[in-house]
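Computed from the coordinates by the stated procedures, all read-outs in this text should not be read as laboratory data. Model, not experiment: these values are computed from the prediction. Backbone-built Cβ (ideal geometry, glycine too); neighbour counts: all protein chains shown.
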Amino acid sequence: MIKNEALIFEKSVPGRRTSLLPACDVPERDLGSMIPTEFLRAQPPELPEVSEVDAVRHFTALSKMNHGVDSGFYPLGSCTMKYNPKINEDVARYSGFSRIHPYQSEKTVQGALELLYQTDKMLAEITGMARVSLQPAAGAHGEMAGLMIIKAYHQHRGDTKRQKIVVPDSSHGTNPASAAVVGFDVIEVKSNEFGGVDIPSLKAVMSDEIAGLMLTNPSTLGLFEENIVEIAEIVHQAGGLLYYDGANMNAIMGKTRPGDMGFDVVHLNLHKTFSTPHGGGGPGSGPVGVTKELVPFLPGPVVERAVDKYVLDHNRPLSIGRVKSFYGNFGVVVKAFAYIRSLGAAGLREASETAVLNANYIRARLQDDYELPFGKTCMHEVVFSAQKQMKFGVSALDIAKRLIDFGYHPPTIYFPLIVKEALMIEPTETESKETLDEFIEAMLQIAREAETNPELLKSAPHDTIVKRLDEVKAVRKPVLRYAKEV
Amino acid sequence: MLSEMGNDSIQELFADIPEPVRLSRDLLLPPALSELELASYLRKLSQKNINLDDTSCFLGAGAYDHFIPSAVANLISRQEFYTAYTPYQPEISQGTLQAIFEFQSMICELTGMDIANASMYDGATALAEAVAMAVSQTGRNEVLIANTVHPESREVLKTYAHYKGIAVKEIGYHNGCIDLDALAAACSDQTAAVIVQSPNFFGIIEDLGQAAEVTHQHKALLIASVDPISLAILKSPGELGADIVVGDGQCLGNPISFGGPGLGFMATSKALMRKLPGRVVGQTTDVDGKRAFVLTLQTREQHIRRDKATSNICSNQALNALAATIYMTVLGKEGLKEVATLCLNKAHYLHDQLIQSGKFAPVFSAPFFKEFAVTSAGDTEALNDALLADQIIGGYALEKSYPELKNGWLLAVTEKRTRPEMDSLAEKAVNHYD
């Protein structure tokens with residue numbers, strides 16, 4: 001088997017190491033005198049034995065096999081891969097933020113508590129909510145906390161029949177998964193011909209067993225739900241609450257607010273809308289915001305402002321409880337705080353306006369060559385279908401892989417599930433017209449290639465360190481860890 | 001751009017937002033700051049906090065001030081790592097994928113388990129997810145948790161369990177260890193899992209082997225929550241019979257950062273592979289037969305299985321897991337053992353200094369790793385305040401979580417603490433009572 005970069009274990013040489021620690025400055029005792037020998041390990045774990053330069057070269061080599069936002073355009077729909085300002089990385093590393101212990105006394109962490117309190121207030125204003133908890137670690141975690149709040153609210157009113165959550169068929173997979181984690185049954189409603197919630201279907205499922213509706217607006221199709229006011233009325237009249245999946249918040253900052261649309265609970269993804277980097281899959285941060293009526297149910301503790309100081313309020317009898325250790329992914333919150341303070345109200349609105357402009361520009365320029373399932377103005381992302389190209393045997397996957405040859409990260413594909421051969425493109429506001437034009441030219445060329453040379457697409461990508469993978473083999477014969485060859 | 005699109009204004013693009021819900025004013029936010037102003041403002045805000053660089057920290061209780069080699073921050077700052085997303089396109093994500101594969105391998109080495117996932121949010125949520133796994137695997141609905149498990153982990157578990165309809169019973173302690181008799185009495189064929197932390201919240205090394213024996217008598221699963229650094233010298237939970245191993249990995253190369261972001265980890269046996277939550281990377285080959293790595297076993301996950309998924313987790317703590325991988329690589333086999341041994345020796349040194357002073361008494365007599373509990377005649381908050389005046393961050397007041405341990409003081413000693421720092425702490429703490 002040909003290997004690219006060897007595994008770090010394969011570079012290991014017995015006895016090789018880097019000396020990083022001082023000698024022990026207290027009397028050294030025999031391990032067995034401190035810990036009974038039956039608890040002690042006979043051999044240390046087989047971690048790699050390499051020098052520092054070996055390690056640095058190894059991980060540098062690995063990094064070169066990746067594509068990041070700084071490498072080039074990354075129009076991965078639904079993920080909002082906007083540019084991550086460098087200053088945010090610097091400020092999060094200030095020792096006053098990165099080198100503080102969560103159990104230090106409140107008087108020694110007033111700056112951190114102030115930052116959490118101010119972020120709560122700013123996110124509440126942006127979403128039209130009363131308060132926001134910064135404890136959830138990611139979007140799905142925020143969803144889970146938000147759904148727990150909905151359940152706790154109904155239970156507190158003695159309304160124990162509400163055990164079902166409604167989600168549209170276009171929803172993110174995390175929505176039904178989070179509902180299940182919280183012990184709800186999931187009811188799916190279909191989308192109408194315009195990509196919105198089908199109102200008759202929604203009315204048909206509403207009952208006194210429905211705890212709430214989870215909605216992404218703009219939807220995962222990149223379309224604003226025009227009937228949102230009516231939908232909110234339907235859900236509220238039936239006694240349910242409205243949950244806002246904030247994955248697509250980047251389209252509407254300063255233009256409209258979930259609270260004004262009638263939503264009761266909102267989660268945000270700071271790693272999408274608020275520019276914190278995605279880190280190769282995390283860490284994120286998934287704050288959950290609620291209306292005034294639901295504030296008592298927020299996860300605890302909550303930062304409150306006393307006369308002359310900030311305090312952690314642990315005494316919250318109706319709280320759903322804790323969902324994570326300490327106060328959430330604080331370091332991520334610092335970056336989002338820096339972002340909001342950099343942009344201000346006008347800057348955030350302009351970010352959303354430009355994100356929507358950029359997506360519509362791509363829509364307008366590609367709609368003759370790629371099928372547009374919902375032929376209307378989109379918001380911050382546009383969903384095409386590769387159905388036209390399928391006539392030549394070329395799939396959304398092939399188009400995605402061919403884009404890699406042009407130096408782009410592919411769009412999200414095969415999602416939302418209700419669009420066949422979906423290609424979901426989210427350019428974000430941080431891309432220039434020149435970048436968009438180059439991408440569009442590549443997409444147009446690929447559309448031509450699909451007709452004239454489909455094989456070129458089906459064999460793509462061509463210049464990457466590995467080509468298409470045998471994913472079936474990975475599942476059938478799982479190799480999930482290194483094992484020494486004997 | 002607008003003219004090429006056939007639009008007159010950007011406002012037209014927002015026409016789908018119904019008039020009544022449009023925001024007709026500016027958001028009420030503080031004025032925008034330039035980069036220069038922002039850096040200065042945040043510097044000042046950060047300086048309102050007392051940070052560990054300016055103090056000697058003896059506070060642990062789940063978040064630890066371990067040494068972080070320079071190579072870690074340097075390498076995770078490479079944009080190819082931190083500005084990428086989940087490696088959905090393996091051809092241009094081999095760096096992240098291989099690093100996760102190496103992370104999984106190292107976690108398996110430490111824990112003595114067959115497989116590990118790509119990370120969880122933190123140790124507490126990893127524990128709660130392990131319980132969900134055990135409930136799903138056994139079809140039973142009750143779990144027993146030692147109350148020597150971190151109080152916040154128990155809180156998080158109770159939150160998750162309440163909404164899933166899982167009953168959680170706490171098992172008390174005896175001499176700082178799980179009360180094995182009480183465990184044996186409580187464990188039954190209704191028990192899905194027993195959860196034990198080792199070293200536990202008091203820093204004490206639990207007898208996982210005995211806990212496993214009791215647990216397995218009732219065909220329940222043992223979930224062990226562990227400190228990964230301790231596993232450089234302690235017998236692995238896999239060897240001792242654990243079925244699922246979780247823990248918090250902040251101590252592996254991640255700044256303490258007011259409690260996050262760090263990472264949780266989870267490892268288990270092959271038998272439980274299909275119940276594992278979260279991302280997993282596997283090895284395969286590409287069309288040319290070259291070795292390659294890819295996200296695998298995805299039919300467990302939310303984006304495929306929706307409400308039937310093993311968990312709702314999507315984003316995890318990938319960059320923190322990368323930091324942990326680099327940390328374990330740079331320190332290596334001998335280095336991690338050295339860290340563990342230094343912690344152990346230093347913690348015992350400080351323990352003995354305090355006890356020999358006559359002003360402090362041990363709370364328990366069981367073996368401990370890098371943390372230990374002592375008690376004194378006075379209030380620990382007052383003691384910590386006095387130490388703060390000398391730039392020492394004292395221990396955790398155990399009374400907050402264990403009302404019966406009045407004046408209990410939990411001190412953590414990492415390899416970073418020097419003998420002069422420990423002597424100073426001991427001297428000041430003893431003087432406080434003179």
Residues of A:11-19, mean number of Cβ from any other protein chain within 10 Å of their own Cβ, rounded to a whole number?
-> 3
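In terms of the ratio Rg/(2.2 N^0.38 Å) built on C-alpha atoms, what value belongs to chain A? All intermediate terms of the calculation are to be shown ahead of the outcome.
Working: Rg = 25.4 Å, N = 486, 2.2 N^0.38 = 23.1 Å.
Relative to the 2.2 N^0.38 Å estimate, chain A comes out at 1.10.
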What net charge is computed for the residues neighbouring A:Gln237, neighbours being all others with C-beta under 15 Å from the C-beta of A:Gln237, Lys and Arg scored +1, Asp and Glu -1?
-> -4
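At a 10 angstrom cut-off on C-beta neighbours, averaged per residue, how do the peptides B:318-329, A:26-37, B:65-76 rank from highest to lowest? Mind dumping the intermediate values first?
Working: B:318-329: 29.7, A:26-37: 13.9, B:65-76: 19.2.
Ranking the peptides B:318-329, A:26-37, B:65-76 by packing returns B:318-329, B:65-76, A:26-37.
Partner chain Cβ atoms within 10 Å, averaged over the residues of B:116-124 - can you pull that number for me?
Details: counts 2, 1, 3, 3, 2, 14, 7, 1, 5.
For peptide B:116-124, the averaged partner shielding equals 4.
Counting partner chain Cβ atoms within 10 Å of every residue's Cβ in B:144-154, what's the average?
1
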In this structure, among B:Lys164/B:Lys219; A:Lys82/A:Lys458; A:Lys255/B:Lys308; A:Lys86/B:Lys48; A:Lys82/A:Lys151; A:Lys391/B:Lys308, pairs with alpha-carbon gaps over 27 Å are A:Lys82/A:Lys458; A:Lys255/B:Lys308; A:Lys82/A:Lys151; A:Lys391/B:Lys308
Loop-resident sites, the range A:189-274, for chymotrypsin sites (Phe, Trp or Tyr not before Pro), counting at most 14 other Cβ within 10 Å (DSSP) | none
Kirkwood-based Rg to Rh ratio, the range A:189-232, C-alpha trace | 0.95
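What is the Cα convex hull volume of the range B:226-318 when expressed per residue in Å³?
On the way: hull volume 14.1 nm³, N = 93.
Cα convex hull per residue, to the nearest whole number: 151 Å³.
So what is the relative contact order of chain B, in percent, for Cα pairs below 8 Å that sit 6 or more residues apart? It would help to have the intermediate numbers written out before the result.
Details: 788 pairs, mean separation 87.4, N = 434.
Once normalised by length, the contact order is 20 percent.
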Rel. contact order, % - alpha carbon contacts under 8 angstrom, at least six apart, the range B:98-181 = 25
Between A:Asn192 and residues 5 or more places away or on another chain, which pairs have amide H atoms under 5 Å apart, with H built 1.01 Å from N, and which residues are they?
-> A:Val197, A:Asp198
Total charge dipole magnitude, the protein assembly as shown, about the Cα centre, Cβ charges on Lys, Arg, Asp, Glu only, Debye to nearest 20 | 940
Only Lys, Arg (+1) and Asp, Glu (-1) charged, at Cβ; chain B dipole about Cα centre in debye = 760
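When Rg is the radius of gyration of the Cα atoms in the range A:321-360 and Rh is its Kirkwood radius, what does Rg/Rh come to? List each step's numbers first, then the result.
Values: Rg = 14.8 Å, Rh = 12.2 Å.
The Rg/Rh ratio comes out at 1.21.
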Under a point-charge model restricted to the Cβ atoms of Lys and Arg (+1) and Asp and Glu (-1), what is the dipole moment magnitude of chain A relative to its Cα centre, in debye to the nearest 20?
-> 920
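What number do you get for the range A:156-199 when its Cα radius of gyration is normalised by 2.2 N^0.38 Å, N = residues? Spell out each step's value before the answer.
Details: Rg = 12.4 Å, N = 44, 2.2 N^0.38 = 9.3 Å.
Relative to the rule-of-thumb radius for its length, the range A:156-199 sits at 1.33.
When the convex hull of the Cα atoms of the range A:243-380 is projected onto a plane and the area is averaged over all directions, what value comes out in nm²?
Working: hull surface 44.8 nm².
The orientation-averaged projected area of the Cα hull of the range A:243-380 comes to 11.2 nm².
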Using the Karplus equation 6.51 cos²θ - 1.76 cosθ + 1.60 (θ = phi - 60°), what ³J(HN,Hα) coupling, rounded to whole Hz, does each residue of the range B:22-29 give in order, writing x for Gly and Pro?
-> 6, 7, 9, 9, 6, 4, 8, 10
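Treat chain B as a sphere of radius equal to its Kirkwood radius over Cα pairs and apply Stokes-Einstein at 37 °C in a medium of 0.692 mPa s; give the translational diffusion coefficient in µm²/s, rounded to a whole number. Each step should come with its number before you reach the end.
Working: Rh = 23.8 Å.
Roughly 138 µm²/s, to the nearest whole number.
Rg to Rh ratio, the range A:170-315, alpha-carbon atoms and Kirkwood radius?
On the way: Rg = 16.6 Å, Rh = 16.8 Å.
Here Rg/Rh amounts to 0.99.
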Relative compactness, the range A:30-145, computed as alpha-carbon Rg over 2.2 N^0.38 Å = 1.65
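Using a cut-off of 14 Å between beta-carbons, work out the net charge of the residues near B:Met5 (Lys and Arg +1, Asp and Glu -1, B:Met5 not included). Display every interim value, and only then the final one.
On the way: positive: A:Arg363, A:Arg365, A:Lys376, A:Lys433; negative: A:Glu353, A:Asp368, A:Asp437, B:Glu4, B:Asp8, B:Glu12.
Net local charge, B:Met5 excluded: -2.
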For the range A:335-351, Karplus couplings with θ = phi - 60° (6.51, -1.76, 1.60), whole Hz, Gly/Pro x = 5, 5, 4, 4, 5, 5, 5, 6, 8, x, 4, 5, x, 5, 4, 5, 4
For the range B:111-200 (alpha-carbon point model, no solvent) the Debye-based log₁₀ I(q)/I(0) at q = 0.12, 0.14, 0.18, 0.24 Å⁻¹ works out to -0.36, -0.49, -0.82, -1.32
If you keep only loop residues by DSSP, which trypsin sites (Lys or Arg not before Pro) in the range A:278-381 have at most 16 other Cβ atoms within 10 Å of their Cβ?
-> A:Lys309, A:Lys376
P(r) for the range B:120-271: what percent of alpha-carbon pairs falls in each 5 Å bin, starting at zero?
-> 2, 10, 21, 25, 22, 13, 5, 2, 0
Checked against the positive end of the charge dipole of the range B:300-418 (+1 on Cβ of Lys and Arg, -1 on Cβ of Asp and Glu, about the Cα centre), the farthest of B:Leu322, B:Gly394, B:Ala382 is B:Leu322
Under Stokes-Einstein, the range B:290-434 at 37 °C and 0.692 mPa s, with its Kirkwood radius over C-alpha pairs, diffuses with a coefficient in µm²/s of 177
With a point put 7 Å past each Cα toward its Cβ, work out how far B:Gln190 is from B:Ile304 in nm, to one decimal.
-> 3.7
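Using only the C-alpha atoms of the protein assembly as shown, find the volume of their convex hull and express it per residue in Å³.
Measuring per residue, one finds 153 Å³ for the Cα hull of the protein assembly as shown.
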Evaluate the distance, in nm, between pseudo-label points positioned 7 Å from the Cα of A:Ala42 and of A:Ile199 along their respective Cα→Cβ axes.
-> 7.4
Env charge @ A:Ile2, Cβ radius under 10 Å, K,R +1 / D,E -1, value +1
For the range A:348-486, what relative contact order do you get, as a whole percent, if you take Cα pairs closer than 8 Å and at least 6 residues apart?
-> 26
Within straight cross-link reach of A:Lys484, meaning Cα distance under 16 Å, which aspartates and glutamates are found once same-chain residues fewer than 8 apart are removed?
-> A:Glu10, A:Glu46, A:Glu49, B:Glu102, B:Glu109, B:Asp114
Give the residue from A:Ile413, A:His462, A:Pro478 lying farthest towards the positive end of the charge dipole for the range A:374-484; charges sit on Cβ (+1 for Lys and Arg, -1 for Asp and Glu) and the dipole is referred to the Cα centre.
-> A:Pro478
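Roughly what percent of Cα-Cα pairs across the range A:304-435 reach past 25 Å? Could the numbers behind the result be given before it?
On the way: 4263 of 8646 pairs.
Percentage above 25 Å: 49.
Once you wrap a convex hull around the alpha carbon atoms of the range B:75-146, what is its projected area averaged over all directions, in nm²? Can you show the working numbers first?
Working: hull surface 27.7 nm².
With every direction weighted equally, the projected area is 6.9 nm².
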